[in-house]
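> Next up is a structure, given as structure tokens.
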Amino acid sequence: MPEIKLILCPVDFSEFSVMAYRHALSLAEHYRARLVAQHIVELWQHPAAGFAATAGDYEGFWQALVERGKEQLQGFVKNYTHDEVQPELVVHEGTAPDAILSFAHAQKVDVIVMGTHGRRGFDRLMLGSVTDRVMRSATCPVLAVHKAPHDSVAAGKEWHYVHHLNRILFCADFSKNSERALNYAISATAEYDCELTLLHVLEEVPSLAKTEEAIAVATEQLAKLIPPGLHTTRKIQTAVRIGKPYQQIIELALEARTDLVTMGVRGRGALDLAVFGSTTYRVMQLGPCPVLAVHV
């Protein structure tokens, strides 16, 4: 099973950062992992940066922005952190995707948790967005959050963080790409003591007569993915559907009130990225819950 010892949560102070931060807190608590909250100061967003450089006061201007970022990050963490997890705070200068990826690589981060729609106003996961860049280039899994799951946010004083995950959906295509993602799904199922559904979507069935046979074969393949003995200790089930993968994934996630979808992501070639964009991105954009994307 994968180990999660260090979690990185980039913060831009948007509502999407708040939701992502709740998930990061939950993971840190359940896995007893270190949590780093990162804020990036991007000078190109500040019109006065050019004037400061011209006036020769660039260093002072930069330091003021960093100090302001630190204060904002401290306030953010104070507002949304519960007592059991105390994150480390870091503020960096640069472009957000580069700063996130550089820190994740240097510190050997195990999971990046981030919102999928920040203050830039782009639609969720639009090409060229911060999450898009990180998702394509990160070597560790990325948990993309654009809304809170159905009922996993506890009431009362625990409202500030995701308290529990009840249902996880793993999407299997029977390739090596999905094997690693399954390990993360099983690990989270154990940590949260929740239900796990293994789903395979048949895109095309030659004829109606072949439908039952195809479903039976896929169901058997799904059953073989479950480690021996896990059936008796965990609440695990399988499902096979027919249609467009992203549509069927989203439909089942809605029907089952899924809290987390886990998907394997292929390599970084042009064809793989096209596949990534057509399925994983659409589930992230249109689905009802966060998605954990795991690269091979």
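All of the numbers you see were taken from the coordinates with simple rules; none came from a lab. Everything numeric in this text was worked out from a predicted model, so none of it was measured. Ideal geometry is used to build each Cβ from the backbone, glycine not excepted, and the neighbour counts take in all protein chains shown.
> So what are the range 183-256's ellipsoid semi-axes, whole angstrom, largest first, if each one is the square root of 5 times an eigenvalue of the alpha-carbon gyration tensor?
25, 15, 8
> To the nearest 0.05, what FRET efficiency results for V217 and V296 with a Förster distance of 22 Å applied to their C-beta separation? Walk me through the numbers before you get to the answer.
Details: r = 24 Å, r/R0 = 1.10.
Calculated value: 0.35.
> Report, for the range 163-251, the % of DSSP beta bridges that are antiparallel, rounded to 5.
Details: 0 of 13 bridges.
Of the beta bridges lying entirely in the range 163-251, close to 0 percent run antiparallel.
> For E195, enumerate residues with amide H under 5 Å from its amide H, sequence gap 5+ or separate chain, H modeled in the peptide plane.
R167, I168
> Oh, and also: On a straight-distance basis, which aspartates and glutamates could pair with K210 in a cross-link, Cα separation under 16 angstrom, same-chain partners fewer than 8 positions away excluded?
E220
> Straight-line reach from K224: which aspartates and glutamates have Cα under 14 Å away, leaving out those fewer than 8 places along the same chain?
List returned: D173, E179.
> Where a Cα-Cα gap under 16 Å defines reach, which aspartates and glutamates qualify for K70, not counting those fewer than 8 residues away within the same chain?
In chain and number order, the partners are D12, E42, E88, E93.
> What ranking, highest mean first, results for peptides 212-219, 103-110 when packing means the other Cβ atoms within 10 Å averaged over each residue?
Peptide ranking by packing, descending: 103-110, 212-219.
> Let me ask something additional. For a quick protection proxy, order the peptides 165-177, 77-89 by their average other-Cβ count within 10 Å, most packed first.
165-177, 77-89
> Okay, next question. Non-local amide H neighbours of I40 (under 5 Å, H modeled in plane, Pro and chain starts lacking H): which ones?
V11, H92
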